[in-house]
1. Tally up the residues in the stretch 329-347 that are within 16 Å of ligand 2 (Cβ to nearest atom) and surrounded by fewer than 23 Cβ atoms within 10 Å (Cβ to Cβ), please.
2. Can you tell me which residues in the stretch 67-97 are within 18 Å of Val170 (Cβ to Cβ), within 16 Å of ligand 2 (Cβ to nearest atom) and assigned to a loop (DSSP other than H, G, I, E, B)?
3. Within the stretch 236-275, restricting attention to residues that are among the small types (Gly, Ala, Ser) and either surrounded by fewer than 17 Cβ atoms within 10 Å (Cβ to Cβ) or not in a loop (DSSP other than H, G, I, E, B) (or both), which residue is farthest from ligand 2 (Cβ to nearest atom)?
4. Please find, among Pro331, Pro335, Pro372, the residue that is at pLDDT 95 or above and closer than 24 Å to Arg168 by Cβ.
5. For the stretch 161-189, enumerate the residues that are part of a loop (DSSP other than H, G, I, E, B), under 19 Å from the mean Cα position of the chain (by Cα) and not small (Gly, Ala, Ser).
6. Which residues, taken from the stretch 203-228, are buried (at least 19 other Cβ atoms within 10 Å of the Cβ) and either part of a strand (DSSP E or B) or in contact with a helix residue (DSSP H, G or I) (Cβ under 6 Å, 6 or more places away or on another chain) (or both)?
7. Considering only the stretch 280-299, state which residues are buried (at least 16 other Cβ atoms within 10 Å of the Cβ) and in contact (Cβ under 8 Å) with a residue 40 or more places away in the chain.
8. Could you say which residue among Arg202, Arg271, Arg211 is more than 24 Å from Ala56 (Cβ to Cβ), within 14 Å of ligand 1 (Cβ to nearest atom), at pLDDT 95 or above and basic (Lys, Arg)?
Amino acid sequence: MSGVSSSVSSPRSPRPTVAIVGGGVIGLSIGWRLAQAGCTVDVYERGRAGQGATFAAAGMLAAGVEVEPSEEGLLPLTLRSQELWPDFARELEAASGRSVGYRAEGTVVVALTRDDAEQLRFTFELYERLGLAIEWLSAADALRREPMLHPRLAAACYSAADHQVDNRRVALALIEAFRRAGGRLHEETGVDSLDVEGGRARGVTVRGERRPADIVVLAAGAWSRDIPGLPLAVRPPVRPVKGQMMALGMDASRPLITHVIWAPKAYLVPRSDGRLIIGATTEERGFDTSITAGGTLALLDGAWRVLPGIEELPIVEQWVGFRPGSRDDAPILGPTSVEGLVLATGHHRNGILLTPVTAQGIASYILTGQVPDALRAFGLDRFPQRKETTS
Ligand code: FAD
Ligand code: GLY
């Protein structure tokens, strides 16, 4: 993209002041890294921080089993972030004094019928081609790992590296760590518009008042393209991809499963507090917040076929969230042709997984003016450029 300021090589000095639009995992983690580096950082969140897609997610760190044949370009980024997660979790816990519920039992992918097993064999070949350390399991091996699964499994795979965190706890920890590092979080404070003048971001307007900043980071998740003042040419092609989820209540001292389970029509994520998360639908319905009978039925049926013991469990919560889906399902990260405007959005199904690498990469760009190699393939410039009609 012409005009992208990605080649400044010297560190910016003094530290820039930064306004971040959106207080989900992405905005908070970038804010935390920048506040740690000594920047003055304001995160603006129109509701409560961490209550968007960040709240709705399952928290799987599934670079391996969640890879899609069409998304292989994303794999180096997801694998890098997966590698960063254990240290990121430890550092965040130390900085916040809060647990993030990191669990490392790994993920079991399950086939229930012969058709599922054929499909799984095909997917397994993709895993092998991509060099992922995922192991083929017989049904007996899978049942040794997880005895409560349906006894007539057809086949399974095991990914030792696909862990999980409790995304809601991650958000609480990020809020605390960000504040302790000196960051300013403004909740119930929506950004009315971005202030862009003369081809440069100048700050944001909040409740009619201008708040100047050297850098503005757009991290508003599924809402990122609709922020007033955003010039058309740099509007990220992001849309909401609805997901319905539910949690059942297990006895925490005797959970039905300990691994994350990927079944053909649902995934199941056991939390340490006894909640069993079941997800998720994938729906193109805009910002429709309804919990439907069809969605509920699909999730329960998908989960029950692989784990019949759920029948006895209470439903403790149901919710809807909006994945920030981009046109190619990969995130949109880095500078734009509007100087000082940085994008960190479009994380779609992997925003929790991609939090450490996004925070590190975007903070590094803001501090040095250099786009790190890991982010280079994910700029807005990979999409056909739109004509500027507003400023
Ligand atoms: P959000 O968390 O949505 O945060 C954006 C924030 O911006 C919101 O809080 C919103 O209120 C705020 N905002 C919007 N407009 C304004 C404004 N004008 N002013 C100020 N603030 C504004 N990812 C994984 O890695 N693993 C998973 O297992 C997983 N499971 C998922 C399951 C479901 C059902 C869903 C919906 C998502 C899942 N994801 C998962 C994806 C992940 O949740 C997202 O990619 C990630 O949370 C995106 O984070 P974010 O900070 O960009 O967006
Ligand atoms: N990554 C799981 C989901 O988006 O449903």
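The values are calculated or read from the model by the stated rules, or taken from the named source; none is laboratory data. Quick caveat, the model's predicted, so the values are computed rather than measured. Note: ideal-geometry Cβ built from the backbone for every residue, glycine included; neighbour counts use all protein chains shown.
1. Total satisfying the criteria: 2.
2. Of everything in the stretch 67-97, nothing turns out to be within 18 Å of Val170 (Cβ to Cβ), within 16 Å of ligand 2 (Cβ to nearest atom) and assigned to a loop (DSSP other than H, G, I, E, B).
3. It comes out as Ser253.
4. After applying the criteria, what remains is Pro331.
5. Asp162, Val165, Asp166
6. Hits for the stretch 203-228 are Gly203, Val204, Val206, Arg211, Ile215, Val216, Val217, Leu218, Ala219, Gly221.
7. Passing the criteria: Ala280, Glu283, Gly295, Thr296, Leu299.
8. Arg211
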